[in-house]
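So the structure is just underneath, and the comments pick up after that.
Any read-out appearing in this document is the output of simple, stated calculations on the displayed coordinates, not a laboratory observation. All values derive from a computational prediction rather than experimental measurement. No Cβ is skipped: glycine too gets one built from the backbone with ideal geometry, and neighbour counts run over all protein chains shown.
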Amino acid sequence: MGIIFHIGRYTRFILRVLRKPENGAVFRRSLVNEMTTIGTNSVGIVALLSLFMGAVMCLQTAHQVSGWIPVYTIGFTVRQTMILEFSPTLIPVILAGKIGSNIASQLGTMRVTEQIDALEIMGINSAGFLVLPKIIAGIVCLPLLVIMSMFLGLTSGAAIAFLTGVSNMADFQYGLQVDFVSYDVIYAIIKTTIFSIIMTSVSAYHGFFTHGGALQVAKSSTNAVVYSVVIIMLSNLVLTKLLLT
């Protein structure tokens, strides 16, 4: 019954969020601020993770390549890993811990300090005013971060292959190009967009319906991250089945 209750309340919450904003100018300012928080402030951690992951994947693949396995497999494996799974799936999962907890704690604090109640008393759709900019910012920024992650991962893989001598540039470049299907990138962007909606809306849901004090805010923040990650991983399984088979 608890699951059914939360599904119903989440659905009603999203319907409130999707109502037309009352003030376009205020909404645009809020959207810019959220894009800075979700997008710009996440560039550093995404870049760092992608650079190291591309390099590690290159070295791990090189360790497995021996004998009859062609050297260009290194570039091929780095490409497929970054495009199909690491960038579109693990980056949103990691950002769920950073962005999701921030959204939940922000809205939870506003709820327990009665700021959300004050907005509703003034006749403002608090769900749309506070949450819709976060969801749109996630939809816009997360795919851009994932594209950046793909590029940096492939670049670092090529760089470490050259510096360590595990592969020459010609073989690595051939591996990046062989059997490349542009749909893989489209698939990754579709997944990322859906994951961004899950991450922002689920985190906002937990924060928006917080009740109590500081302890409950912390609990809502934790639940936001846990549920976002679980739903993202389940969605990843379903989307992979639907889009790749």
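A few comments on the model shown:
- Peptide ranges 6-19, 44-57 listed from the most packed, as the mean C-beta count within 10 angstrom indicates: 44-57, 6-19
- Between the residues Met122, Val181, Asn33, the greatest Cα displacement towards the positive end of the dipole of the chain, with unit charges on the Cβ of Lys, Arg, Asp and Glu, is found for Met122.
- Total lysine pairs whose alpha carbons fall under 17 Å of each other in the chain (8 or more apart, or interchain): 4
- The chain: DSSP helices with Cα axial extent of at least 27 Å and average Kyte-Doolittle hydropathy no lower than 0.0: 43-64, 126-164, 183-208, 214-244
- Along the axis of the charge dipole computed for the chain (Cβ charges of +1 for Lys and Arg, -1 for Asp and Glu, origin at the Cα centre), the listed residues His206, Thr245, Leu154 are led at the positive end by His206.
- Where GluC sites (Glu not before Pro) in DSSP loops with at most 13 other Cβ within 10 Å are excluded, longest remaining stretch of the chain: 115-245
- Dipole in debye (nearest 20) - the chain, about Cα centre, beta carbon charges: Lys, Arg +1; Asp, Glu -1: 580 debye
- Taking trypsin sites (Lys or Arg not before Pro) across the range 26-117, none is in a DSSP loop with at most 14 further Cβ atoms lying within 10 angstrom of its Cβ.
- Taking amide H as placed 1.01 Å from N in the peptide plane, Phe180 has no amide H partner under 5 Å among residues 5 or more places away or on another chain.
- Sequence ranges 182-191, 148-157, 123-132, ranked by mean other-Cβ count within 10 angstrom, highest first: 148-157, 123-132, 182-191
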